[in-house]
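Accompanying notes for the structure given below.
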Amino acid sequence: MTQRAIRAPAMTFHGDPFLVPAGEALRHWPDALMRIEDGRIASIEDAEEGLKRLPAGVPVTHYEDALICPGFIDAHVHYPQTQMIGAFGAELLEWLERYTFVAEQDFADAGHARDVAARFLRELLRAGTTTASVYCTVHPQSVDALFEESERFNTRMIAGKVLMDRNAPDALLDTAERGYAESKALIGKWHGRGRQLYCITPRFAPSSSEEQLQAAGKLWREHPGTYMQTHLCENQGEIEWVRQLFPERSSYLDVYDHAGLTGPRAIFGHAVHMDEEDFACCHRTGSALAHCPTSNLFLGSGLFRMVDAKRIERPVRVGLGTDIGAGTSFSQLQSLGEAYKVAKLGGHALTPEQGFYLATRGGAEALRLDDRIGSLAPGFEADFVVLDLKATPLLDFRLSHARDLAETLFVLMTLGDDRAIRATYVAGECVYERDRPESFLYPGAASSA
Ligand SMILES: [Zn+2]
């Protein structure tokens, strides 16, 4: 049995601050001791009490000028697009054609896929993100590359092969039958292996035929516990195209619902242009939305209506996505800063507690993993980040004037980025430490460092 303890100020959520007052949803320890046993949190309590109870010989790592919170969760991201962040000038459909579909063809080469997967995982960890729901490409080897690297870091990742059988370059197309067979084989190989989870991934309705969407629904039903992710109502041109391609369906979301692609563990990216019926369908079916603010602003897609999604009488599960490479940062702190601005342009304010909830426990609830990640509590997997409250001269100066935790969190949302991540722990191991000579270490190597 390996044991260690971390001492630092800490915070976590045990409720949803969109639905209950922040004070009821949030737990804060000004000085906490968190004991970790075999990759899980054994206890977390005030340090004074915790130190008295700590068995002799258990090493304690003490972080000062820091705040510990659960590892960030990215509910929507494309790892193959790491190489094309910041592509100029287009909106969604043109951006896909001009940049994305060109980049994704490189992933026919397994060596290239492995290289990008390695960089991608490191960027996530550098940003404090310990779980993500990831789109690969149409190539099965792109999925192997991502899961192999995730397995080395022991991160809990959700990922899948993109399904596309029309409206994309020939080199990126499968067929309904081949997409089904390849996804099924990948489920057999990866779903539930260590911490890896499989996600059936039709890119979006315009690039999958009705036959392929039906096959995806069938596959999902045949494999309980697997995930389904796709895009929904991102941009007006896209929505109009779906209307033309599926004239018999009442809405974009109805296309997926009809194919059996709504329900628990369904994650719909963007959902910018939704009506009441769409939100009600998500609530009723238990489907989740991934809000991707940096991407929606970058492509000019529109403003997500958080206030409508989280309406108290029929709340929808919402996670926070970076949507790299239409998104512009791996950092969920930066996503939160932009989410605040998106909400503000819609006439509302996202509170700091709501923000940090979205990036942690809210994401875990969206991904139906809130019984094991997204919180600092006994029994949970010990995925957490150490935020550096003195990461930059400006952050240090500004936070010296913060009056309480809420203000500290809000300043972190506004000024924070990957520089504010001092360390990232995965299943109790410090796999990333900003100031260590070798910042990234696989578990095992990390514990002896
Ligand atoms: Zn996306």
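Values in this text are rule-based calculations from the coordinates and carry no lab data. None of these values were measured; they are calculated from a predicted model. Virtual Cβ from ideal backbone geometry, glycine too; neighbours counted across all protein chains shown.
Given region 1-94, what strands (runs of 3 or more DSSP E) lie entirely inside it while holding 3 or more residues that are at negative phi and crowded, with 22+ Cβ neighbours inside 10 Å?
Because the criterion is at least 3 residues that are at negative phi and crowded, with 22+ Cβ neighbours inside 10 Å, the strands (runs of 3 or more DSSP E) in region 1-94 that meet it are 3-13, 26-37, 66-70, 72-78.
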Seminar exercise, completed: Taking region 399-428 and keeping residues under 16 Å from Ala8 (Cα atoms), of a type outside the set (A, V, I, L, M, F, W, C) and under 20 Å from the mean Cα position of the chain (by Cα) leaves Arg422, Thr424, Tyr425, Gly428
Exercise. Is it the case that Ala326 is within 16 Å of the ligand (Cβ to nearest atom), touching a residue at least 60 places away in the same chain (Cβ under 8 Å) and closer than 14 Å to His76 by Cβ?
Worked result: yes
For this session: Could you tell me whether region 144-164 includes any residue that is assigned to a helix (DSSP H, G or I) and more than 24 Å from the chain's Cα centre (by Cα)?
Result: no
Exercise. Mind checking which residues of region 355-374 are farther than 17 Å from His76 by Cβ and surrounded by fewer than 23 Cβ atoms within 10 Å (Cβ to Cβ)?
Worked result: Asp370, Asp371, Arg372
Problem set entry | Selection from region 303-337 of residues that are surrounded by fewer than 23 Cβ atoms within 10 Å (Cβ to Cβ) and among the charged types (D, E, K, R) | Arg305, Asp308, Lys310, Arg311, Glu313, Arg314
For this session: Identify all residues within region 390-449 that are surrounded by fewer than 18 Cβ atoms within 10 Å (Cβ to Cβ), among the hydroxyl-bearing types (Ser, Thr, Tyr) and closer than 30 Å to Val342 by Cα; write none if there are none.
Result: Thr392, Ser400, Thr414
Seminar exercise, completed: Flagged in region 31-47 as over 16 Å from Val385 (Cα atoms), in contact with a Pro (Cβ under 9 Å, 6 or more places away or on another chain) and not hydrophobic (A, V, I, L, M, F, W, C), in numbering order, are Ser43, Asp46
Exercise. Is it the case that some residue within region 37-44 is without any contact (Cβ under 8 Å) to a residue 60 or more places away in the chain, more than 16 Å from the ligand (Cβ to nearest atom), of a type in the set (Lys, Arg) and farther than 18 Å from Ala326 by Cβ?
Worked result: no
For this session: Would you check if there is a residue in region 178-201 being within 24 Å of Gln244 (Cβ to Cβ), within 16 Å of the ligand (Cβ to nearest atom) and not hydrophobic (A, V, I, L, M, F, W, C)?
Result: yes
Exercise. Among the residues of region 120-129, is any more than 16 Å from the ligand (Cβ to nearest atom), in a helix (DSSP H, G or I) and within 14 Å of Asp323 (Cα to Cα)?
Worked result: yes
